[in-house]
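Notes follow the structure.
The values are calculated or read from the model by the stated rules, or taken from the named source; none is laboratory data. Quick caveat, the model's predicted, so the values are computed rather than measured. Cβ placement follows ideal geometry from the backbone for every residue including glycine, while neighbour counts extend to all protein chains displayed. All accessible areas refer to the heavy atoms of the entire protein, side chains included, with ligands and DNA or RNA removed. Shrake-Rupley method; radii C 1.70, N 1.55, O 1.52, S 1.80 Å.
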Amino acid sequence: MEFYFIRHGQSVNNAGWSDPDYKESPDPALTEIGKEQARLLAEFLKKSQTIASDKAWNSQNRYGFGLTHIYTSLMERAAFTAAPTAQALDVPLIAWKEIHEEGGIFSRGDKRSSPVDKTNIQGLPGKPRSFFMENFRTLTLPDDLDETGWWNRPFEAEEDRQPRADQVFAELLARHRDREGQPEVRVALVSHGGFFMRLMCAILNLPWRQASHGLKSWFLLNNCSLSRFDIHKDDITVAYLNRTDHLPDHLIT
């Protein structure tokens, strides 16, 4: 299995984060920059979809991507990033609720309040089934998603985040790991930066944010970046992280 992690395009929260007067959105849309990033990503992957050689070493995708599955978070910014690529490649687009960003759908109140103060954080419903059916006609939705929204629970607690990422990675392996006689699959997840950090801890069995010499670790992802992992038999290879060469300089966010 080749596994690709794609971070969503720039959201209005990403663009407004440094503005002290910006009111944070619980489920932010893409900015115009984010939409352009998503369009260019789809264009790049379409041009590179066909595997040109099955004999050459293709660790940098010089000979194509050949994506077979695309999963998306149900957060709006991820779904609107994933849809153009799925459409361009004619690859099934499948919702995966558990690959959402840390915390879920919630209202933080005043974003400038202390990050350790959770008393003003309230869980919210998330988008309903009708929203996705109207905007993403080829998106395969969970059977239990109805008009009450896909989240509908409290703010995700800190202690629940790493176990969720661990379970996602276990489920990814259960669905797509090497099996005798199974064709090679190339799977993309369109998700979020914070969740990627958790997933990296799950994949590499790392302690959360702990580096050597008392330093704190973080895996940086730009909007609409590509990261690749190859999982073959009992080995996992990190091929590359945070690739953005499909975007022009002015769209690196």
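Could you list, in sequence order, the residues of the range 153-190 that are in a helix (DSSP H, G or I) and over 26 Å from S59 (Cβ atoms)?
Just the residues of the range 153-190 that are in a helix (DSSP H, G or I), to begin with: 158-176.
The answer is E158, E159, D160, R161, Q162, P163, R164, D166, Q167.
Of all residues in the range 152-161, none are in contact with a Cys (Cβ under 7 Å, 6 or more places away or on another chain) and of a type outside the set (D, E). In the set (1) over 16 Å from L251 (Cβ atoms); (2) touching a His at 6+ places or on another chain (Cβ under 6 Å), the condition left unmet by F44 is number (1). Would you point out the residue of the range 15-33, among those that are open to solvent by less than 70 Å² (accessible area, probe 1.4 Å) and part of a helix (DSSP H, G or I), that is farthest from R108 (Cα to Cα)? Selected residue: I33.
Scanning the range 34-64 for residues that are more than 22 Å from the chain's Cα centre (by Cα) and surrounded by 12 or more Cβ atoms within 10 Å (Cβ to Cβ) yields a count of 3. Tallying residues that are free of Cβ contacts under 8 Å to residues at least 40 places away in the same chain and farther than 21 Å from G126 by Cβ within the range 23-45 yields 1. If you take the residues in the range 205-219 that are touching a residue at least 12 places away in the same chain (Cβ under 8 Å) and out of contact with any strand residue (DSSP E or B) (no Cβ under 6 Å at 6 or more places or on another chain), which one is farthest from N14 (Cα to Cα)? That would be W208. Does any residue of the range 154-167 turn out to be open to solvent by 70 Å² or more (accessible area, probe 1.4 Å) and of a type in the set (K, R)? Checked the range 154-167: no residue is open to solvent by 70 Å² or more (accessible area, probe 1.4 Å) and of a type in the set (K, R).
Considering only residues that are polar (S, T, N, Q) and within 17 Å of L74 (Cα to Cα), look in the range 1-14 and name the one that is surrounded by the fewest Cβ atoms within 10 Å (Cβ to Cβ).
Ranking the qualifying residues of the range 1-14, first place goes to N13.
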